[in-house]
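Right, one structure below, let's go through it.
Bear in mind these aren't lab numbers, they're just calculated from the coordinates by the rules spelled out. Quick caveat, the model's predicted, so the values are computed rather than measured. Because the Cβ atoms are built from the backbone with ideal geometry, glycine has one as well, and the counts that use them run over all protein chains shown.
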Amino acid sequence: MRVAFYYAPECDDPLTAAATAWLGRDTFSGAAQPQPDLPDIAAVTADARSYGFHATLKPPMRLREGTHWADVLDTALSIAESVPAFDMPSLHVADLHGFLALREAVPSPELQAFADACVAGADHLRAPATDADLAKRRRNGPLLAAQEANLVRWGYPYAFATWFFHMTLTRRLTADERAIYLPAATDHFQTAIAVPRRAVSLCLFTQPAADAPFLLAERLPLSG
């Protein structure tokens, strides 16, 4: 099993409904949903669908030997209680190194602090990265020095100063696919992202097996 600490919009948030339709799976129930009529959309969204609609705070990790679900819950509760609820920044559909994702319109110090708290506060739960884990992270191209240092220390290149908020919508697209999917995603999410929202919870997602999709296991309220 792997566990991840994610931000995900609330169940009744219009963004949740829009993302469920776009990705074709309800992250909370696991139920399949009809997707927009776009070329190869099931394949284009396959990875994002498997991980569930989210923004990564503490990336998926195997648990350290001797660590139990109760330890994960205790840690997550402690982190959630230390982070005040806050207003989310406005979002927009962006091209992120060839992927489409929802990004912040402006940087959010509150989001950064939320991610920092999860990375540092939950790291004692994480099994050490294997050589294979490290090689997989390096496979997508050379890392900056700070990213490499984070990979070795935290098991993930994008932490603290190198972290960035994103909610993935597609795999890496070809130029022709981008010409179709960028306007389609912008139109699909336009109404939902216009709604103001607050970050009021920390989500624990679990993956029971390597080929299984992630599902929401717990939603823990932030303080305030």
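In this rough spin-label picture, where each label sits 7 Å from Cα along the Cβ direction, the residue 133-residue 31 distance is 3.6 nm.
Rounding to the nearest 20 debye, state how big the charge dipole of the range 77-139 is about its Cα centre with +1 on each Lys and Arg Cβ and -1 on each Asp and Glu Cβ. Before the final figure, lay out the partial values.
Values: 6 positive and 9 negative charges, 83 e Å.
Around 400 debye, computed over the range 77-139.
Dipole orientation for the range 30-103: of the candidates 94, 41, 68, 68 has the Cα lying most toward the positive pole (charges on Cβ; Lys, Arg +1; Asp, Glu -1).
The orientation-averaged projected area of the convex hull spanned by the Cα atoms of the range 138-178 comes to 3.9 nm². Considering only alpha-carbon pairs that sit under 8 angstrom and 6 or more positions apart, the relative contact order computed for the range 1-105 is 27 percent. Taking the helices alone, the chain has a mean residue ellipticity at 222 nm of -11000 deg cm²/dmol, built from -39,500 (n - 2.57) per DSSP H run of at least 4 residues and averaged over all its residues.
Can you compute the charge dipole magnitude of the range 1-133 about its Cα centre, using +1 on each Lys and Arg Cβ and -1 on each Asp and Glu Cβ, nothing else charged? Give it in debye, rounded to the nearest 20.
Working: 8 positive and 19 negative charges, 61 e Å.
Dipole about the Cα centre, nearest 20: 300 debye.
Here is the tail figure for the chain: Cα pairs spaced more than 33 Å apart come to 12 percent of all pairs.
Collect residues whose amide H, placed 1.01 Å from N in the peptide plane, falls under 5 Å from the amide H of residue 202; neighbours closer than 5 in sequence don't count. Answer set, sorted by chain and number: 220, 222.
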